[in-house]
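Reviewing the structure listed below.
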Amino acid sequence: MTLKMLIVDDEPVICQGLKETIDWQSIGVEVIGTAFNGKKAIEMLNRDKVDLILTDISMPEMDGLQLAEHVVSNYPDIKMIIISGYDEFEYARKAIRVGVEDYLLKPVNVDELLNLVKNVATTILENQELSAYPKEASDQLIAALLKQDEKEIKSGITYTCSVLEAYPPQKALPLYQKLVLTLKQQLQDRLPNKSFDQVELNLFENKDIRSLKDDFETDVLNLFNQLKDSEGVHWIIENIKRYIDKNYQQDLRASDVAEQHYISPNYFSMLFKQETGRSFSEYLNGLRINKASKLLLETSNKVFEIAEYVGYKEYKYFVQVFKKQVGVTPTEYRRLNASHDLRKK
């Protein structure tokens, strides 16, 4: 894989020299362009993919340090190397504190520069590998865990291990670790009242990389055992009901809600009906109509405004659903209850 590098220096001759006279291809780096100050560099970052920036520190308009601060804040995946003179050494040290990967002092030694860029490029590739951990495996496992389907969990573990076999053990270890931490966090997010912190993770305790597969399987099954301690599978629906209560005013679809909670639409429909006695649409409409009923009595808002507020885009559909559930139209409901209140007084 070839990494993209941008060279930034206010002297065009130096820019061209760094670009043309060094064999960047030999270390898997392509110079995609040059810029003569920080502002020009940022313009290029906005339109081109850049993995690495090699920049002088002293430049007009926007110097290397200001560029570094901008890049670290807005493009955290881009690595930077700064070139500075001895009299700018304090700037270089500050750049390191800001987040610059490394720096070189002038005059630049070509071999030293090439080795430094090579080392930084290696770090970039390792980070990209780590960030590209098998998401498909993660999705498969979290779905199986949430369904508490042991067969699918075992299948997900086998699939994950087969994917990560392509990596050398030293590189596979952080991928396994990131994957199991992702599973742990996703379970914690969906079960806020239950603690997964107490689950021991062998991948962080056992230093023997020969047992990666066994450790990974043990960690996933430990998470599963902690999950089984909850009362059945109804907690999934309890989480979903909380989600619906919070978002009922939005355009909610059963398939989207199922995806948000890592379960298949068919399984979601079956489980929701089983646990609540109602379909998703019946539950959502019931919640919205209850909210609308209160607003009809407690506010003077127009009926169509209340319909929109509780999540109905179509006024006629709102009236139809309201009458089906309450027995009268929203307007009749408001009038009847107003008359009742007057009689009470």
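Within segment 304-318, which residues are in a helix (DSSP H, G or I), touching a residue at least 60 places away in the same chain (Cβ under 8 Å) and among the hydrophobic types (A, V, I, L, M, F, W, C)?
Residues satisfying the conditions do not exist here.
Evaluate the following for Q274: is it part of a loop (DSSP other than H, G, I, E, B), at negative phi, of a type outside the set (G, A, S) and in the same structural domain as L336 (by TED's automatic domain parsing)?
Spelling it out, it is not the case that Q274 is part of a loop (DSSP other than H, G, I, E, B), at negative phi, of a type outside the set (G, A, S) and in the same structural domain as L336 (by TED's automatic domain parsing).
Looking at R210 and the list (1) part of a helix (DSSP H, G or I); (2) in the same structural domain as A338 (by TED's automatic domain parsing), which single condition is not satisfied?
(2)
Could you check N301 against (1) assigned to a helix (DSSP H, G or I); (2) without any contact (Cβ under 8 Å) to a residue 24 or more places away in the chain and say which number it fails?
Every condition holds for N301 apart from (1).
Looking at segment 226-243, can you tell me whether even one residue there is farther than 14 Å from Q148 by Cα, polar (S, T, N, Q), under 26 Å from the mean Cα position of the chain (by Cα) and not in a loop (DSSP other than H, G, I, E, B)?
yes
Every residue in segment 26-37 that is within 21 Å of L116 (Cβ to Cβ) and out of contact with any Ser or Thr (no Cβ under 8 Å at 6 or more places or on another chain), please.
Correct list: S26, I27, V31, I32, G33, T34, A35.
For segment 1-24, name all the residues that are under 33 Å from the mean Cα position of the chain (by Cα) and surrounded by fewer than 11 Cβ atoms within 10 Å (Cβ to Cβ).
M1
If you go through segment 27-40 one residue at a time, do you hit one that is in the same structural domain as L116 (by TED's automatic domain parsing), in a helix (DSSP H, G or I) and loosely packed, with under 15 Cβ neighbours inside 10 Å?
no
Working carefully through the options V110, V163, find the one that is among the β-branched types (V, I, T), without any contact (Cβ under 8 Å) to a residue 60 or more places away in the chain and on the phi < 0 side of the Ramachandran plot.
Going through V110, V163 in turn, the sole match is V163.
Determine, yes or no, whether D111 is part of a helix (DSSP H, G or I), charged (D, E, K, R) and farther than 30 Å from E259 by Cα.
Criteria met by D111.
Could you please let me know if Y75 is in contact (Cβ under 8 Å) with a residue 12 or more places away in the chain, assigned by TED's automatic domain parsing to the domain that holds N127 and under 23 Å from E126 (Cα atoms)?
When the stated conditions are applied, Y75 passes them.
So which of F196, F224 is touching a residue at least 60 places away in the same chain (Cβ under 8 Å), crowded, with 16+ Cβ neighbours inside 10 Å and either more than 30 Å from K324 (Cα to Cα) or among the acidic types (D, E) (or both)?
On inspection, the qualifying residue turns out to be F224.
In a helix (DSSP H, G or I), outside the structural domain of I153 (by TED's automatic domain parsing), β-branched (V, I, T) and closer than 20 Å to L146 by Cβ: does that describe V321?
no
Quick one: in segment 65-90, of everything that is more than 34 Å from the chain's Cα centre (by Cα) and hydroxyl-bearing (S, T, Y), which residue is nearest to K39 (Cα to Cα)?
If we take residues in segment 65-90 being more than 34 Å from the chain's Cα centre (by Cα) and hydroxyl-bearing (S, T, Y), then S84 is nearest to K39 (Cα to Cα).
Looking at Y159, Y103 in this structure, which one is crowded, with 20+ Cβ neighbours inside 10 Å and either out of contact with any helix residue (DSSP H, G or I) (no Cβ under 9 Å at 6 or more places or on another chain) or not acidic (D, E) (or both)?
Just one listed residue meets the conditions, Y103.
Identify all residues within segment 41-84 that are crowded, with 23+ Cβ neighbours inside 10 Å, part of a helix (DSSP H, G or I) and among the basic types (K, R); write none if there are none.
Result: no residue meets the conditions.
Which residue pairs have Cβ atoms closer than 8 Å, lie 6 or more positions apart in sequence or on different chains, and pair a first residue in segment 245-263 that is under 17 Å from A292 (Cβ atoms) and among the acidic types (D, E) with a second residue that is modelled with pLDDT of 85 or more and exposed (fewer than 14 other Cβ atoms within 10 Å of the Cβ)?
Pairs found: D251/K313.
State whether one or more residues within segment 160-177 are closer than 30 Å to D23 by Cα and in contact with a strand residue (DSSP E or B) (Cβ under 8 Å, 6 or more places away or on another chain).
no
The values are calculated or read from the model by the stated rules, or taken from the named source; none is laboratory data. Everything quoted here is computed from the prediction, not taken from an experiment. Heads up, the Cβs are rebuilt from the backbone with ideal geometry, glycines too, and the neighbour counts pull from every protein chain shown.
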